[in-house]
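Reviewing the structure listed below.
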Amino acid sequence: MDIEYKLTEGEVVYVDHIGIEGNTHTKDYVIRREIKLKEGDPFNSVLARKSVERLYNLGFLDNVDVDVQQPNSPSKADVIFTVTEGKPGMLSAGAGYSSVDGLIGTLQIQHINFLGRGQRVNFQWQFGARTNSFDLGWTEPWFMGRPMSFGVDIFRTNRLQQLGTITNAYWTLDRGFSMTLAPRFSDIYTVSMGYSFSNQERYNVSPDSATRAAVLSPDCANDPTGLCDEFHALYSNFTEQFIRDTRDNQFDPTRGNRESLSLIEGGLVPANSVKFYKPILDASIHFPTFWKFVLSFHGQWSYIKPYGDSTLTDIQTQLYHVGGADTVRGYALGAVGVSGQNGNPGGQVMNVYNVEYKFPIAPDEHGKTLLQGVFFYDIGGDWDNFNEVTYRTGTGPFNLQQGAGFGIRFKTPVFPLRLDFGIPLNRAPGQAATQFYFNVGSLF
């Protein structure tokens, strides 16, 4: 039996007019520049769907509807984008508790659609027994009317640092600024170029000789004169980053992946700044399983090395301290790998892998997920050099260590909140059986 298919193509439908409705605060051009469809071009449903994704990624729209109308001719269509604006500005104050930092207070003022132009303005003050910091930032996502973002940040951070098992090792004070320029070459590819400058002080260092050697200088391990009580350094860092991003939503992705390759170079100018280089490879992928359940995988690989007259002491706060809310949950900050050993300033090689399975708990008024639950599994480690790297798990300093647990994700108008409860699967004697973390922002 032969089957013959006869196809009769219809007329090509062209976009006659693009309309925007529902925006009361946002300027029309802020929405229009994210729409991939163009007037006069053939209508394309793929570009219409991509336009909706781009509008949601602005972060301040609660809902986007697309209506295709053909009032005048079957070959011409009017495409109407109806948006529902959320609350782009937010004043928030809160408190949280973590096993590392204890009680933490936060005051934040943020606007992600400043003056209706899509600009982001942020001020954050974080305070507690172990930290006191503020950050003031501004970002323009379409700098000079082109698809590239430009941002400036000013910061001051005062923090009580942990080193190995010594929780009150020393204080740091960092003051400086950073700038970032990131042109977007397409919806997928971005190149980011950044510069940061900061002045760091380390003081009130623990009298432990190994800590003083790691934080101040090997010559300060036993210093009866008291001349080594403080450390000062200038950090002048250039960062180049190449990003490929196919996620459907950068705030709460359900599918797609993101890969980035970065290189941080310190000490190019001025001559007295700390010299080091730090390549970072980061990758994540997200799979929808059923309904709104999402399985996500993440990996990060990095290495840091000083050069010239700089030493490991100079880059001590840049070294890796695996363990904690952003790496391997279930352990205290820096308790995994060689960084968890007393007297070790931190690792120079780092591998971390994370798996999360997210599921919705409560939706908002538009049906989007407001409260999420998550089960997670983390594994990772840090080492002094590549020769020490091993992929065996265990409690030793050279072994990968694992953690698992569950958490809650709460979506606010401007940033997600993370509450995680972690259990160490390779717990060494003396380590806590559980860890609780409170954090702001997504892990990956």
- prompt: With the contact rule set at Cα under 8 Å and sequence spacing of 6 or more, what percent relative contact order holds for the chain?
  reply: 9
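Can you tell me the order of 344-357, 115-128, 157-170 when each peptide is scored by its average per-residue count of other Cβ atoms within 10 angstrom, highest first?
Working: 344-357: 21.6, 115-128: 17.3, 157-170: 19.3.
Final packing ranking: 344-357, 157-170, 115-128.
Could you work out [θ]222 nm for the chain from helices alone, using -39500 (n - 2.57) per DSSP H run of at least four and dividing by all its residues? Round to the nearest 500 deg cm²/dmol.
Working: 3 runs with 24 residues, N = 444.
Mean residue ellipticity, 222 nm, calculated: -1500 deg cm²/dmol.
Of all accessible surface on the chain at a 1.4 Å probe, what whole percent is carbon and sulfur?
Details: 12730 of 21970 Å².
Carbon and sulfur: 58 percent of the exposed surface of the chain.
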- request: With just the Cα atoms of the range 359-444, tell me how far they stretch along each of the three principal axes, in Å, largest first.
  value: 53, 27, 18
message: Let me check I've understood the local charge: for PRO397, count other residues with C-beta under 11 angstrom from its C-beta, Lys and Arg +1, Asp and Glu -1. What total comes out?
response: -3
Globularity ratio of the chain, using Cα Rg and 2.2 N^0.38 Å: 1.13
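With an 8 Å Cα cut-off and a minimum separation of 6 or more residues, compute the relative contact order for the range 122-262 in percent.
Details: 314 pairs, mean separation 22.8, N = 141.
Relative CO of the range 122-262 lands at 16 percent.
Can you tell me which of 433-443, 317-327 comes out highest on packing, and rank the rest after it, using the mean Cβ neighbours within 10 Å?
Ranking, from highest mean packing down: 317-327, 433-443.
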- line: Per residue, accessible area of the chain with a 1.4 Å probe, heavy atoms of protein chains only, in Å², comes to 49
- prompt: Which angle from 0 to 90°, rounded to the nearest 10, does the C-alpha axis of helix 45-56 make with the longest principal axis of the chain?
  reply: 40
statement: Put HIS232, HIS17 in order of accessible area, largest first, probe 1.4 Å, and you get HIS232, HIS17
field: Paired Rg and Dmax values of the range 178-328, which use every Cα atom, in angstrom
entry: 19.9, 67
statement: Dipole check, the chain, charges on Cβ (K,R +1; D,E -1), about Cα centroid: among GLN316, GLY59, LEU173 the Cα furthest to the positive pole belongs to LEU173
- request: Leaving ligands, DNA and RNA out of it, rank TYR5, TYR189 by accessible area with a 1.4 Å probe, largest first.
  value: TYR5, TYR189
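Do you know the relative contact order of the range 34-91, to the nearest whole percent, from alpha carbon pairs under 8 angstrom that are 6+ apart? Provide the component values of the computation, followed by the final result.
Working: 70 pairs, mean separation 15.6, N = 58.
It comes to 27 percent, rounded to a whole number.
Net charge around ASP174, counting only other residues with Cβ within less than 9 Å of its Cβ (Lys, Arg = +1; Asp, Glu = -1)? Write out the running numbers ahead of the final one.
Numbers: positive: ARG156, ARG159, ARG175; negative: GLU201.
Charge balance near ASP174 sits at +2.
The values are calculated or read from the model by the stated rules, or taken from the named source; none is laboratory data. Bear in mind that the values here come from a model prediction, so they are computed numbers and not experimental data. Quick reminder, even Gly has a Cβ in these numbers, built from the backbone with ideal geometry, and neighbours come from all protein chains shown. Please note that ligands, DNA and RNA were not included when accessible areas were found on the heavy atoms of the full protein model with its side chains. Shrake-Rupley method; radii C 1.70, N 1.55, O 1.52, S 1.80 Å.
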